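Notes for the one structure printed next.
The values are calculated or read from the model by the stated rules, or taken from the named source; none is laboratory data. Here the structure is a predicted model, which is why all the values come from computation and not from measurement. Using ideal geometry, Cβ is built from the backbone for each residue, glycine included, and neighbour counts are taken over all protein chains shown. Protein only, heavy atoms only, side chains kept; ligands, DNA and RNA dropped before computing areas. Shrake-Rupley method; radii C 1.70, N 1.55, O 1.52, S 1.80 Å.
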Amino acid sequence: MNNRELPLLKEVNIPYYVQIYDIIYQLIQDGSLKEGDTLPGENILAEYWNVSRSTIRAAVRKLEEDGYIYKMQGKKTMITGQAARNKDGLHRITNPCITSCVASVTRVEAVVNVQNGGRLIGDLLGYNGKIFTAVAVDMKYFVGETCVATSVAIIPVIRLEEEGISIDDHNGIKELALNTMYRRAGRSHLFMSAVERSEDEADPPGCQIVIVMDEVFYEDEMPLSYHKYRMDSNWYRFTIDRRM
């Protein structure tokens, strides 16, 4: 965006960094700034508005914290589409690797394996110590060529049979794990944590990692699937609607 299109600051009892935040926020809201658009650099904005670089950085930081822009190290500051994609927050049953990313996920790679489920996941899915067979769908999520998240979905084979999907139909299983499961769900139980990246970790994400574990149920409370999402904290922001 050309900085000449930006409104000027006013001499009112509102800090300059707040005014700058509000200007950019309003341009996003009215569609003048769209997902993928870039903001001018800090020096250009500071000179245009006749303020210090620290004032610009304060506004940019707040916009980034609130999910309206993202600024990767060594790259330009870009407008996200995350606020629109994730307006309903984590209280809606969706795949957070897609809905909570600050940029649009452009590619998902999936590897499908058939295996017996472990005890913990078996208990969560209602098998209570019984052996069960499931498909494990390991997925990687990319923005361009950057892997921003990984996930695994554990789906009992009996659920595939109910959906009419063969265990050899890897494309159908991928679609089930990415989209169909969430449309079938009545509720889910979600647990969230954050961990530092291990020094010997081979796969991206390559920084502090946000982990979300999700047990998904049908409307009749029948367990449907188990999911674990691992997301690069540089690329993800979350909203949660809380009520009394």
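On a per residue basis, the convex hull of the C-alpha atoms belonging to the stretch 111-175 measures out at 91 Å³. Could you compute the net charge surrounding Val18? Neighbours are other residues with a C-beta less than 14 Å from the C-beta of Val18; K and R count +1, D and E count -1. Spelling it out: positives minus negatives among the neighbours equals 0.
Solvent exposure of the chain amounts to 55 Å² per residue of accessible area, where only protein heavy atoms count and the probe is 1.4 Å.
Could you look at the chain and say what percent of its accessible area is carbon and sulfur, using a 1.4 Å probe and all protein chains?
With neighbouring chains kept in place, the figure for the chain is 48 percent.
Between Tyr17, Val102, Ser166, the Cα set farthest toward the positive side of the dipole of the chain (charges on each charged residue's Cβ, about the Cα centre) is that of Tyr17. Ignoring ligands and nucleic acids, what accessible area does Leu120 show with a 1.4 Å probe (Å², nearest 10)? Using a 1.4 Å probe on the heavy atoms, I get roughly 120 Å².
Near Arg187, within a Cβ-to-Cβ distance under 13 Å, what is the net charge of the other residues, with Lys and Arg +1 and Asp and Glu -1?
Numbers: positive: Arg92, Arg184; negative: Asp214, Glu215, Glu219, Asp220, Glu221.
Spelling it out: positives minus negatives among the neighbours equals -3.
Counting only Cα atoms, the chain measures 69, 43, 29 Å along its principal axes, largest extent leading. Counting lysine pairs in the chain whose alpha carbons fall under 21 angstrom apart, excluding pairs fewer than 8 residues apart on the same chain, gives 14.
Normalised by 2.2 N^0.38 Å, where N is the number of residues, the alpha-carbon radius of gyration of the stretch 96-148 equals 1.52. Computed with a 1.4 Å probe on the full set of protein chains, the accessible area for Ser151 sits at about 10 Å². Relative to the Cα centre, the charge distribution of the chain, modelled as +1 at Lys and Arg Cβ and -1 at Asp and Glu Cβ, gives a dipole magnitude of about 600 debye.
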